[in-house]
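This report concerns only the one structure given below.
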Amino acid sequence: MADMISRRILAALLLFCVSVFSQSPSTQSVRELLNSPTLRVSEEALKKLFPMGTRNIPQYVAALSDSDEEVSDNAQYMIELIGDRQGLEQLDAWRNGQRFRRFVNGPINAPVDSQGYQWIDERFLQLPYEQWDAHVRATNYAFALVIDGSPKARLTLERMQEAVPESASYSNLYKVLTSGSNFLQPMCAADSIEKQILRRSVFLGSEEKKRTYVVVIAKGLDGKSALVREWQDFGYTYMMVLDRQPSRCWKFRSIFVASINN
């Protein structure tokens, strides 16, 4: 009986390994997926790459030095999207070695690191709002600061909000983010991720929520991470990365503006 159980367990493990490796894109196919101007908004590509999580990090790091700028930019995006600490450190090291540091619009992972605070200080806080050269990236940092929630993060966010004039298009969003609302706290309700996110979109009115669509694009193979898109047919498209906690609650890791819809 014990031998039979052992054989069944071994067979199950082998089946799992075959399943994982059969879903893992080859080095060539990963580069082909990265070589796309629409990867950052393409559900088809993200459905193939995101579930693999950290398994593809070595290929993304190698692709940073690809001769094709599109491949390199998308590799940056995927490393930040996956949020693996070692991968992010290698990304920072690569950027620091470049003569011209090129950043792509993408997720800012919480908690915000020292380089993130330095970027906020140099590119935003030390300049008047009219001279901010990356308003979307500033907004992505603002979301990360809210998710971070540390005293330093809250103070930095308040300073950013004070710099945003009332007439600015992002003014209301910054007010919501600094209001102390708990809409970015872990989600523990029994209903779907999509319903919980839409319910928590406190910066949307009831009519606007009717024109907002939330979908889970992909989950990690281990079920511990999820990539979500919130599309508004009147405003912005947001992408969100969530991590599943031991408590079974979903916690935001990053929220960022993917595109602006006219």
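The table for this structure:
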read-out: Those residues of region 71-85 which are within 16 Å of the chain's Cα centre (by Cα) and either of a type in the set (Ser, Thr, Tyr) or in a helix (DSSP H, G or I) (or both), in sequence order; value: 73, 74, 75, 76, 77, 78, 79, 80, 81, 82, 85
read-out: Region 122-137, subset closer than 21 Å to residue 239 by Cβ and out of contact with any strand residue (DSSP E or B) (no Cβ under 7 Å at 6 or more places or on another chain), residue surrounded by the most Cβ atoms within 10 Å (Cβ to Cβ); value: 137
read-out: Positions within region 175-229 being at pLDDT below 90 and among the polar types (S, T, N, Q), in sequence order; value: 178, 179, 181, 182, 185, 201, 206
read-out: Conditions (1) farther than 30 Å from residue 57 by Cα; (2) modelled with pLDDT under 90; number of the one not met by residue 135; value: (1)
read-out: Selected residue (criterion: nearest to residue 83 (Cα to Cα)) from residues of region 244-261 that are buried (at least 16 other Cβ atoms within 10 Å of the Cβ), modelled with pLDDT of 90 or more and in contact with a Lys or Arg (Cβ under 7 Å, 6 or more places away or on another chain); value: 244
read-out: Selection status of residue 153, in the same structural domain as residue 244 (by TED's automatic domain parsing), of a type in the set (A, V, I, L, M, F, W, C) and either surrounded by 13 or more Cβ atoms within 10 Å (Cβ to Cβ) or at pLDDT below 95 (or both); value: no
read-out: All positions within region 41-61 that are over 24 Å from residue 111 (Cα atoms), in contact (Cβ under 8 Å) with a residue 12 or more places away in the chain and not charged (D, E, K, R); value: 41, 45, 59
read-out: Any hit, region 63-71, residues being more than 30 Å from residue 165 (Cβ to Cβ), in contact (Cβ under 8 Å) with a residue 40 or more places away in the chain, touching a Pro at 6+ places or on another chain (Cβ under 8 Å) and not assigned by TED's automatic domain parsing to the domain that holds residue 170; value: no
read-out: Residue that is among the acidic types (Asp, Glu), at pLDDT below 95 and surrounded by fewer than 16 Cβ atoms within 10 Å (Cβ to Cβ), where the choices are 68, 113, 84; value: 68
read-out: Leading residue by the ranking (nearest to residue 256 (Cα to Cα)) among those in region 28-46 that are among the charged types (D, E, K, R) and within 18 Å of the chain's Cα centre (by Cα); value: 40
read-out: Members of region 191-212 found to be surrounded by fewer than 14 Cβ atoms within 10 Å (Cβ to Cβ), within 23 Å of residue 51 (Cα to Cα) and not acidic (Asp, Glu), listed by number; value: 192, 195
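The values are calculated or read from the model by the stated rules, or taken from the named source; none is laboratory data. Just so it is clear, the model here is predicted, and its values are computed rather than measured. FYI the Cβ positions are ideal-geometry reconstructions off the backbone, even for glycines, and counts take in every protein chain you see.
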